[in-house]
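Below you'll find the structure I mean.
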Amino acid sequence: MDDEAAFTVGIGEAAQAKHGFRVGDEVEGTSLPVQEQRAEPVEYYKTSGLKLVARSPHRQETPPPWPGLAPELTVYRERGHRRRE
């Protein structure tokens, strides 16, 4: 893939547990655009048919939010929703 696209996608807890997605992974699937952007912390949600196409190499120089696995869904829930500005 020559063009890189960066956007946020909401996935379910089971999908994360199954695939162990991390920042930079290349994935395929189907999502819907969020209807009320102020109510959701992501740009796309209701994601289904996820498939890991290519695993991103773990690199220490990768900038935040995190270089490896995303935090557990329970951590996000404890922190509460964060709105993008």
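Read the figures in this text as sums done on the coordinates, not as results from a lab. Quick caveat, the model's predicted, so the values are computed rather than measured. Using ideal geometry, Cβ is built from the backbone for each residue, glycine included, and neighbour counts are taken over all protein chains shown.
Quick check: pseudo-label points 7 Å beyond the Cα along Cα→Cβ at D25 and F7, how many nm apart are they?
Result for the modelled spin labels: 1.9 nm.
What FRET efficiency would be calculated for the residue pair A54, V75, taking the C-beta separation as r and a Förster radius of 25 Å, to the nearest 0.05?
With a Förster radius of 25 Å, E is 0.45.
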